[in-house]
Structure formats: C-alpha cells, structure tokens
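Before any comments, here is the structure.
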C-alpha cells in the first residue's frame, strides 16, 4: 500500500475517533512516550559544566537515537503486520494516533463557542490550553488572534507535516517526524540550558517543516478567502 493511501485511512480514523480519553488515562500517548525517552537522555547527558561543542554533540546523538528508535519501531511494526485488510487497518490505526486534527478541532471549537456568546472568561480558559502566553488580559479580538495563530502552527505540526512525511515514507516517516517535532518542542529552545543541546534538533525541525509549513500557509489562505459576491 502506498504511503498516501495509508495516511488517508489513518486521517479518516483519527478524525472519527481521535485518541480516546479512557485510552489516554490507561496508557498515555505515543508522543508522551517519545517525550519520556527524550527526557531520560536529556537528564543523563545535558551537563551544564560541559563545553558548548560537547553539549551540541550530546544533543545530536540524543536526537539521532530518539528518531532512530521511533522510526525503527514503526518500520518493525509495518514489516510484521500482514498485507491483509486486517494488517492494513491495524497500521492505519497506529498511524492515526500520530495525527492530531480531531483534538485540534475540539480545542479550537471550545474557544469559538464562548466567543460567539460573549463569554470571554470561558474563552480565555479554553485558549490557555493551546497557547503558551498568559491570556488573562486578552479581549475577544486578542483571543481570536491567539487561537488562529495556534491553529495555524498546530495544523502544520500536528496534521499537514505528519501526513506529508507519512505519505512519502509510510509509518516510519510519520513516526520519525513526530520524534523530530517532539524533540524540538522539548529541547529546541534558545536558553542557557538548551541552546547547545537542542541546537541540532531545532535546525532539523526547521528542515522537516520547510515544505509542510508552506503547504499549511497556502491551505490557510485558501480557507480564509471570503466568498465571492458574484
């Protein structure tokens, strides 16, 4: 099966079911598993007294290992599953948990509804779930702008880029991208602790998102066009 068809099936499953809360409470989420692995390495080898070059090298090795584990596990699953309808369905179900369109829709919908009714306090509480800034002083327009900014960014990271790399390289490509993106979100920061250690991960994430981010921008521009009056 081609990666594009697999991603279409995975996206259909994800849009229909998402990642159920009962399942999350029992086993967490694969992205959180990636995060736990990254944290394990970061605590072990990101030493403040090491030179910049040594910390960069440690971050590079950490990134390569984490990406390799994610892609290798996904490749193993893809190879072991039989080329039957059952095997294809299982692979699509596994891939679906690395796409986040349903959860993104639910979070943005939870902001849009109270904004429509003028309930700014509820809207602020809802927007705090998807933005890093303090929304306590945002008015309705500010909440809407913050929501749209987060929607655009997370559509690229959580939907378009995973589908893009999955379409190209199947389940291993999808898993590798999610590992890269999780690395960037956890260690790709420009501060004293992560500037050297997360430098490779941050640059790799930029490269991985180069095409998907532009695809997302194009799709956002199309979606935001006002209907013609004619």
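The values are calculated or read from the model by the stated rules, or taken from the named source; none is laboratory data. Small disclaimer: the values here were computed from a predicted structure and weren't measured. In this analysis, Cβ positions are derived from the backbone assuming ideal geometry, glycine residues included, and neighbour counts consider all displayed protein chains.
Quick one: would you say residue 209 is surrounded by 14 or more Cβ atoms within 10 Å (Cβ to Cβ), touching a helix residue (DSSP H, G or I) at 6+ places or on another chain (Cβ under 6 Å) and under 22 Å from residue 41 (Cα atoms)?
In short, no.
Filter region 44-61 down to residues that are in contact with a helix residue (DSSP H, G or I) (Cβ under 8 Å, 6 or more places away or on another chain) and not in a helix (DSSP H, G or I) and give me whichever is surrounded by the fewest Cβ atoms within 10 Å (Cβ to Cβ).
Residue satisfying both the conditions and the ranking: 47.
Have a look at 147, 101 and point out the one that is in contact (Cβ under 8 Å) with a residue 60 or more places away in the chain and under 20 Å from residue 217 (Cβ atoms).
101
State all residues of region 3-29 that are in contact (Cβ under 8 Å) with a residue 60 or more places away in the chain and in a loop (DSSP other than H, G, I, E, B); if no residue qualifies, say none.
Of everything in region 3-29, those that are in contact (Cβ under 8 Å) with a residue 60 or more places away in the chain and in a loop (DSSP other than H, G, I, E, B) turn out to be 18, 19, 29.
Considering only region 62-80, I want to know if a residue exists there that is in contact (Cβ under 8 Å) with a residue 24 or more places away in the chain, closer than 14 Å to residue 197 by Cβ, in a helix (DSSP H, G or I) and out of contact with any helix residue (DSSP H, G or I) (no Cβ under 6 Å at 6 or more places or on another chain).
yes
For residue 93, indicate whether it is surrounded by 16 or more Cβ atoms within 10 Å (Cβ to Cβ), in contact with a helix residue (DSSP H, G or I) (Cβ under 9 Å, 6 or more places away or on another chain) and in contact (Cβ under 8 Å) with a residue 40 or more places away in the chain.
no
Suppose the filter is at pLDDT 95 or above, closer than 20 Å to residue 9 by Cα and surrounded by 23 or more Cβ atoms within 10 Å (Cβ to Cβ); does residue 201 pass it?
When the stated conditions are applied, residue 201 does not pass them.
Residue 39 fails exactly one of the following numbered conditions: (1) modelled with pLDDT of 95 or more; (2) not in a helix (DSSP H, G or I). What is the number of that condition?
If we test residue 39 against (1) modelled with pLDDT of 95 or more; (2) not in a helix (DSSP H, G or I), just (2) comes out false.
Condition first: over 17 Å from the mean Cα position of the chain (by Cα), closer than 15 Å to residue 186 by Cα, surrounded by 14 or more Cβ atoms within 10 Å (Cβ to Cβ) and in contact (Cβ under 8 Å) with a residue 12 or more places away in the chain. Can you find one or more residues in region 31-43 that meet it?
Scanning region 31-43 turns up at least one residue that is over 17 Å from the mean Cα position of the chain (by Cα), closer than 15 Å to residue 186 by Cα, surrounded by 14 or more Cβ atoms within 10 Å (Cβ to Cβ) and in contact (Cβ under 8 Å) with a residue 12 or more places away in the chain.
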